[in-house]
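The values are calculated or read from the model by the stated rules, or taken from the named source; none is laboratory data. Bear in mind that the values here come from a model prediction, so they are computed numbers and not experimental data. Using ideal geometry, Cβ is built from the backbone for each residue, glycine included, and neighbour counts are taken over all protein chains shown. Heavy atoms of the whole protein, side chains included, go into the accessibility calculation; ligands, DNA and RNA do not. Shrake-Rupley method; radii C 1.70, N 1.55, O 1.52, S 1.80 Å.
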Amino acid sequence: MIPDPVPASPPPDAAGGPLLLPAADTLLLQVDHPSAEACRAELATFAELESSPEHVHTYRLSDLGLWNARAAGVTPAQVTDTLLRWCAGPVPHAVLRSVADTMDRFGRVIIEGGAVGREMIGGNAIGGGAIDSSPGEAVLAVRTDDEALLDQLVLDPTVGALLGPRLDPITAALDPAHRGRLKQRLVELRWPADDRAALSPGAGLTIALDASLELRPYQRQAVDSWLPSGNGVVVLPCGAGKTVTAIAAAAAVGANTLVLVTGDASLQQWHRELTRFTTLDPELIGCYSARSKQLRPVTIATYNVLTTKKDGRLRHAALMEQGDWGLVVYDEVHLLPSAVFGLTAGIQARRRLGVTATLIREDGRQGDVFSLIGPKRFDVPWRDLELQGWLAPATCTEVRVVPSDAERLAHARAAVRDKPRVAATVGAKAELVGRLLARHPGEPALVIGTYLDGLGPVAEALGAPLVTGATPSAQRLVWFDQLRNGELDVLVVSKVANFSLDLPEVSVAVQVSGTFGSRQEEAQRLGRILRPKADGRQAHFYTLVARDTVEQEYAQRRQRFLAEQGYAYEIIDGHEL
Amino acid sequence: MRFGDHLRSWSSKDLTELLLARPDLVPASEAGFDALARRAATPVSLGRCLIRSDVGMLVVAEALTLAHPATADEIDELLGTNDVDGVLGALDRLRRRGLVVVEQGVATPVGALEDLLYRPLGLGPSFIDLVDRVPDPVFDRLVHALGVGGARKRTATARAIARRLRDPRALARLLSGAPDDSRELLAALVERRSGAVGLPAGFLYRGSAPSPTGDARGWLLDHGLLVAVTDGVAEVPREVVMGSLPLGLAPGAALRPVRLRPVTGLRVDDVTATGADRAASALDAAEALVRLAGDGEIGLRRAGGLGVREVNRVAKLLQLEPRDVGRLVELCHQARLVAPEPSALVATDLAATWWGLSRSRRWLVLVRAWLGSSGFVSRALSPDEEGNPRPALGDSEPVAAAAAARAVTLDVVAAVPDGEAFDPEQLAETVVWRSPNLWGTGFPAPEELVAWTLEEADLLGLVAGHAPVPVLRALVAGDEAAVESLAVTALGADQDRFVLQADLTALALGPLEPTVAGSLGEVADRRWGRSVPTYRFTEASLRRALDRGWTADGIGRFLADHALSGVPQPLQYLLADVDRRYGSVRVLTASAVIITEDEALAVEIASTNRASRLGLRLVAPTVLIGPVEPHRLVDELRAEGWFPVLDGGAATVGRVATGGGADRPRPDPLPADWTGPALEAAVLPAEVADAVDQLVTDRAEAAAAEIDHRLHLHWNRTTLVRHRRDGHLAEVRGVLVGVDETLTLLCDDGIEELPLDSVVAVEDPAR
């Protein structure tokens, strides 16, 4: 095969650019290089930041990353230009070809139509052929840019079964019910679809933002990036105001909105922020969870309630359609349960907005987020926000705690499943928490843990309230307010506080136990203290780890994650405090 | 002018070109121009040169042997090519190679060239040569049939006939009287003339292929258009062919190379970058392979070499394509970095030297080994004649002139201008045109060998995107300084520094020096990358380093010496923490464990001289271990006065039964019929007992055989046995009836059983 000519590009900036290309899918950015910042800004548009420790950041050139970039309007020539301009050495032709080929795959399959028989928003008319459809039925079509590609897709058993009859050589009909599943399969086949089919407007609803709310520039930019397509994901770091951004998106849409959240605490926070930042009558905001089933024009529902089954069937699946939603918001989209993916596949005609701090899913189902919620529409690195003063600078410190001989013996004798609990409840932790908090007098602090056995003694030793899943919501809200107001210095919380807890002035967090070193949990807990402080002080994130126990193993995962995120990380022994 | 005088007039540049093209002339050149000319005109030297001559040269040279001296116009007319410039170009190349002499536009072949090209352009012998062997009566019939005057001598008559046959009009007149089938036969024979050039194919008509009728052949034979050579074999004289082809002997001959249709628009930087990337990948993969061989991890087939299974295993380990692994194995073998031992591929002593070279030099070693090899590394895993993959390092025959064929291919590739890529198929045509005689006639076909060469060059990073990289041009031009410089640019200089980060990774921003990379690989896990490898420090990697003899201080110093920006605090902590925990659990070698319930007894055993001699160690208050085999340990302890037994739970566990004292628990009393092994059989689990029985039986049989051999046993005869008893020598006389673990004698006063290890000698008193 004769290689295609490579388009002419400007020569490299200098032989000593900040970017290295050690493998076809890996880019290394030397952050101490004078051009690193300029290079990073361009890289962020198409490469996924995999780790960002102190000296060299690793970016991945993945299919999804390149398709996200293509969906956002980035061209292969721009990517090629960035690589050629910033790489320290010559860029292999094969890499440039691969980038161009991968990006060009996006959009060669287009889903269009959907505007026949009912009022829909946007949506390209189906090209070419007329579709025989009943009045009132939304009709979709899949169009490719050449006949051979459609032939190839139809030969795939899954795609073949999802597609309807051929309308012309490059177009096939598509049952709207298959829209989501088809998109999933097309991503698996590396032919990601550009879904331009019309969206349902949903029932109209005026959602005005409260005059006191002034969107930050990046929040406004995020909404503007998402709005034209009406689908996709906005990635903002913890503490950057994802909830506010999503509310602004709902206001821009002006339609009935379903918000799916991770749990009750998050549900309460959403309710509070909707009430606080919009002029919506509270009566129009409903909570749909295990405790209440309010279906209102703006409904906040938990993932749990959606995935509750009875007789093998999802009991509340109908919620997805009942409200004639003009927008469905997926909070913490990286936690979306499989069952919700299934439900989402069935509502592809609704606007969808995912918000998250990270697209990394522990289960690796990023492809489903891409195909069902939509491509990444906006992403801003936390470092930018920190530099702009929107996030507080933070340091992470791991404190090694030496268990007593009896505790070591108990840990040694414990069954594997019980070891984390035994390690989490090492007695010396309570005293060390006190000594750590003493280093930050007057600073509001959270003590966070997974195991209640360990949290009780800590709360008792500190004389601080303990918030757990069993704490009544009203009581929780009181304590959270007291911490905000400065009436409380410290609050001990279980993992109910992992997500969506808004305590902006808290600058110290002490983690006494965690869940197997989960990266998500670490990011969320750290996020609790990243809101910028009124006096500009630094945030401190401490993790207590029982030495020579399973916690030490988990701590290594956490350490790696936080270091990869670029946080200063230090390990000290408890006796040094 | 003599050939030697011609050479005298050549410029230094021309002479240099001649000697480069014909290196066999170099020794002769030292003796002067005449010696050089003599050597250059010999068949051997001319033959060597012809092997490397292109199609245009061969066609023109063969035409010249048919009619010389000749001008370019005359040669063009003879060939019918209608390409005088092409002929001139070929003549010039022939002249510069010293194959023809051109004076004032007239060319003459040099020396024995005419003899070498004895069937020029596929033509057979001349009429004169053919009829030379024909008997007179047959010749006379021929003369009569042709109506040629018979007054002349036979030679003159033959010459006259030849002229007539060569004349197209005369030949046409003659054929006008021929039967149709004879004309058709002749036309078919002329058509079937071998088109091959430079090969001894010629124009032969053998027997019945194609099957002519007797009449058709007879007329041709009778009229000199076919001449019988031997029984059943006849040839068409070359004059007849020339007369039959008035438009030329080779009108379609390719006097010029195929014009490559280049793909333009390539950026030289891209080609260079891709080549460098490929070169780095090839070197990294070769290094990994040599390391693997050094670790003895590359197994071989029983029949030798690496088959598909062995290659696949290596491919999986190195994350490479199996085909590339096959090639790399061959390549590293050609570079003498690895060698096959009976069961494994091992790294050679030369590999150690190779590791000491710079990165670019290591790559050049591979490249030069490839350039000079007598085989094709792509042969590994390629399908054989039966479609089965050939093993790597199998018993493959060297491919004739492989290195020369490779050189021609690369020469053609290197001539592709900057910014252009070649079409591999066209390039293969060009290469074969350049040296049609170089490839031999066997399998594989020249086109396949060219394709292999291109793939191998691509693997090594000499060709990228079907375009030559700069270092290839330098190699072909023999510009060593440029080769070295470009190799350094492509491969990068080795570095001895790396970046350490708080996420416990080490990152080399370029290729690391092998020694540094080796050390880093010992203390951290290498994540398989390519030119910029990354390493991750883990508890396991640091523990492994400590196992290998590193100390925590040593690791710390190594990291500090080579880290570009210091050792991050978390890594320092991890190192200290691993060091703290290292050795907290210790594993000792022990063949036997002694457990007693009495701490004092354990101390007592440990304090004896015997315990010291046996290497017993007190590892816990009531536990001793030792490197002694359990049975022997039991015996030794018994000899010391204790009453140990073998524990039934495991063969290596012994239990000392306390020997006395009212406060000590007493063991169960021994059975009255205790006979040693029987007790063991009673207390051991069945399967262990079976195993021990078997061992005892085997040992006894072996011992008996040895005793038999050593002591010359005298079965069923009265025998005198000398043995040790209580430290003294004793004698027993009796009839030898058995050997088991004891020597059994039937004595006057009963049966005597003597332990074999106490027996010193056995004598037959009758002797």
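If you go through the stretch B:249-275 one residue at a time, how many are among the hydroxyl-bearing types (Ser, Thr, Tyr) and open to solvent by 30 Å² or more (accessible area, probe 1.4 Å)? Before you say what the answer is, go through the steps one by one.
Looking only at the stretch B:249-275, we keep the residues that are among the hydroxyl-bearing types (Ser, Thr, Tyr), and these are B:264, B:272, B:274.
Cutting the leftovers down to open to solvent by 30 Å² or more (accessible area, probe 1.4 Å) gives us B:264, B:272.
Adding up the residues that qualify gives 2.
Could you please let me know if B:Ala421 is more than 14 Å from chain A (Cβ to nearest Cβ) and not polar (S, T, N, Q)? Working first, answer last.
Working: more than 14 Å from chain A (Cβ to nearest Cβ): no; not polar (S, T, N, Q): yes.
So B:Ala421 fails the test.
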Residue that is nearest to A:Val340 (Cα to Cα), among those in the stretch A:253-289 that are in contact (Cβ under 8 Å) with a residue 60 or more places away in the chain and either among the small types (Gly, Ala, Ser) or not assigned by TED's automatic domain parsing to the domain that holds A:His334 (or both):
A:Gly263
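For the stretch A:413-455, which positions are among the β-branched types (Val, Ile, Thr), out of contact with any Gly (no Cβ under 7 Å at 6 or more places or on another chain) and assigned to a loop (DSSP other than H, G, I, E, B)? Can you show your working first?
So in the stretch A:413-455, the residues among the β-branched types (Val, Ile, Thr) come out as A:416, A:422, A:425-426, A:433, A:447-448, A:450.
Checking the rest, the ones that are also out of contact with any Gly (no Cβ under 7 Å at 6 or more places or on another chain) come to A:416, A:422, A:426, A:433, A:447-448.
Passing the criteria: only A:Val426.
Among the residues in the stretch A:542-549, are any in contact with a Pro (Cβ under 6 Å, 6 or more places away or on another chain) and either within 11 Å of chain B (Cβ to nearest Cβ) or surrounded by fewer than 24 Cβ atoms within 10 Å (Cβ to Cβ) (or both)? Give the steps one after another, and end with the answer.
Initial filter on the stretch A:542-549 (in contact with a Pro (Cβ under 6 Å, 6 or more places away or on another chain)): A:546.
Now drop any that are not either within 11 Å of chain B (Cβ to nearest Cβ) or surrounded by fewer than 24 Cβ atoms within 10 Å (Cβ to Cβ) (or both), which leaves none.
No: the stretch A:542-549 contains no residue that is in contact with a Pro (Cβ under 6 Å, 6 or more places away or on another chain) and either within 11 Å of chain B (Cβ to nearest Cβ) or surrounded by fewer than 24 Cβ atoms within 10 Å (Cβ to Cβ) (or both).
Could you check the stretch B:253-272 and list, in sequence order, the residues that are without any contact (Cβ under 8 Å) to a residue 12 or more places away in the chain and either facing another protein chain (nearest Cβ under 10 Å) or in a helix (DSSP H, G or I) (or both)?
Of the residues in the stretch B:253-272, the ones without any contact (Cβ under 8 Å) to a residue 12 or more places away in the chain are B:259, B:269.
Correct list: B:Asp269 only.
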Could you please find all residues in the stretch B:425-466 being among the charged types (D, E, K, R), within 14 Å of chain A (Cβ to nearest Cβ) and under 23 Å from B:Leu331 (Cα atoms)?
B:Glu455, B:Asp458
Taking the criterion of being without any contact (Cβ under 8 Å) to a residue 24 or more places away in the chain and over 30 Å from A:Pro297 (Cα atoms), would at least one residue in the stretch A:202-223 satisfy it?
no
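Of all residues being open to solvent by 20 Å² or more (accessible area, probe 1.4 Å) and within 14 Å of another protein chain (Cβ to nearest Cβ) in the stretch A:27-51, which is nearest to A:Trp382 (Cα to Cα)? Just the residue, please. Steps first, answer last, please.
Keep residues of the stretch A:27-51 that are open to solvent by 20 Å² or more (accessible area, probe 1.4 Å), which gives A:30-35, A:37-38, A:40-42, A:44-45, A:48-50.
This time we only want the ones that are within 14 Å of another protein chain (Cβ to nearest Cβ), so: A:30-33, A:49-50.
Numbers: A:Gln30: 18, A:Val31: 15, A:Asp32: 18, A:His33: 20, A:Leu49: 12, A:Glu50: 14 Å.
Checked the stretch A:27-51; the qualifying residue nearest to A:Trp382 (Cα to Cα) is A:Leu49.
Yes/no matrix, rows are residues, columns are (1) more than 59 Å from the chain's Cα centre (by Cα); (2) at pLDDT below 80; (3) part of a loop (DSSP other than H, G, I, E, B):
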position: B:Ser612; (1), (2), (3): no, no, no
position: B:Val619; (1), (2), (3): no, no, no
position: B:Leu633; (1), (2), (3): no, no, no
position: B:Glu636; (1), (2), (3): no, no, no
position: B:Val645; (1), (2), (3): yes, yes, no
position: B:Ala651; (1), (2), (3): no, yes, yes
position: B:Gly654; (1), (2), (3): no, yes, no
position: B:Arg666; (1), (2), (3): yes, yes, yes
position: B:Pro671; (1), (2), (3): yes, yes, yes
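Could you pull out every one of the strands (runs of 3 or more DSSP E) wholly within the stretch A:214-308 that has 2 or more residues that are open to solvent by 10 Å² or more (accessible area, probe 1.4 Å) and more than 20 Å from A:Leu503 (Cα to Cα)? Steps first, answer last, please.
Numbers: elements: A:233-235, A:257-261, A:285-288, A:298-302.
Passing ranges, in order: A:285-288.
Taking into account only those residues within the stretch A:72-87 that are open to solvent by less than 30 Å² (accessible area, probe 1.4 Å) and in contact with a strand residue (DSSP E or B) (Cβ under 8 Å, 6 or more places away or on another chain), which is farthest from the other protein chains (Cβ to nearest Cβ)? Don't jump to the end; show me each part of the working.
First, the residues of the stretch A:72-87 that are open to solvent by less than 30 Å² (accessible area, probe 1.4 Å): A:74, A:76, A:79-80, A:82-84, A:86-87.
Narrowing the set further to residues that are in contact with a strand residue (DSSP E or B) (Cβ under 8 Å, 6 or more places away or on another chain) leaves A:83, A:86-87.
Details: A:Leu83: 10, A:Trp86: 14, A:Cys87: 9 Å.
The residue in question is A:Trp86.
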Across the stretch A:54-94, what is the number of residues that are β-branched (Val, Ile, Thr) and in a helix (DSSP H, G or I)?
3
So which residues in the stretch B:62-81 are under 14 Å from B:Leu94 (Cα atoms), without any contact (Cβ under 8 Å) to a residue 60 or more places away in the chain and in contact with a Gly (Cβ under 9 Å, 6 or more places away or on another chain)?
B:Thr71, B:Ala72
If you scan the stretch A:559-577, which residues turn out to be outside any strand (DSSP E or B) and either facing chain B (nearest Cβ under 7 Å) or touching an Asp or Glu at 6+ places or on another chain (Cβ under 8 Å) (or both)?
A:Gln559, A:Arg560, A:Phe561, A:Leu562, A:Ala563, A:Glu564, A:Gly566
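Return the total of residues in the stretch B:572-591 being out of contact with any strand residue (DSSP E or B) (no Cβ under 6 Å at 6 or more places or on another chain) and facing chain A (nearest Cβ under 10 Å).
Step one: of the stretch B:572-591, the residues out of contact with any strand residue (DSSP E or B) (no Cβ under 6 Å at 6 or more places or on another chain) are B:572, B:574-589, B:591.
Now drop any that are not facing chain A (nearest Cβ under 10 Å), which leaves B:572, B:574, B:576-577, B:580-581, B:584.
Of the residues in the stretch B:572-591, 7 are out of contact with any strand residue (DSSP E or B) (no Cβ under 6 Å at 6 or more places or on another chain) and facing chain A (nearest Cβ under 10 Å).
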Answer yes or no: is there a residue in the stretch B:294-302 that is at pLDDT below 90, part of a loop (DSSP other than H, G, I, E, B), surrounded by fewer than 20 Cβ atoms within 10 Å (Cβ to Cβ) and in contact with a helix residue (DSSP H, G or I) (Cβ under 6 Å, 6 or more places away or on another chain).
no
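Condition test on A:Ala317, is it within 27 Å of A:Phe378 (Cβ to Cβ), in a loop (DSSP other than H, G, I, E, B) and open to solvent by 10 Å² or more (accessible area, probe 1.4 Å)? First the steps, then the outcome.
Values: within 27 Å of A:Phe378 (Cβ to Cβ): no; in a loop (DSSP other than H, G, I, E, B): yes; open to solvent by 10 Å² or more (accessible area, probe 1.4 Å): yes.
Taking the combined requirement at face value, the residue does not satisfy it.
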Would you confirm whether any residue within the stretch A:217-235 is within 28 Å of A:Arg291 (Cα to Cα) and more than 15 Å from the chain's Cα centre (by Cα)?
no
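Checking the structure you have, find out if any residue of the stretch A:323-337 is part of a strand (DSSP E or B), touching a His at 6+ places or on another chain (Cβ under 9 Å), modelled with pLDDT of 90 or more and crowded, with 17+ Cβ neighbours inside 10 Å. Give the derivation first.
Initial filter on the stretch A:323-337 (part of a strand (DSSP E or B)): A:327-331.
Imposing the further condition that a residue be touching a His at 6+ places or on another chain (Cβ under 9 Å) reduces the set to none.
No, every residue in the stretch A:323-337 fails to be part of a strand (DSSP E or B), touching a His at 6+ places or on another chain (Cβ under 9 Å), modelled with pLDDT of 90 or more and crowded, with 17+ Cβ neighbours inside 10 Å.
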Would a scan of the stretch B:107-121 turn up a residue that is more than 30 Å from B:Leu226 (Cβ to Cβ) and either open to solvent by 70 Å² or more (accessible area, probe 1.4 Å) or β-branched (Val, Ile, Thr) (or both)?
yes
As an exercise: evaluate A:Tyr451 against (1) touching a residue at least 60 places away in the same chain (Cβ under 8 Å); (2) surrounded by 22 or more Cβ atoms within 10 Å (Cβ to Cβ) and give the number of the one condition it does not meet.
(2)
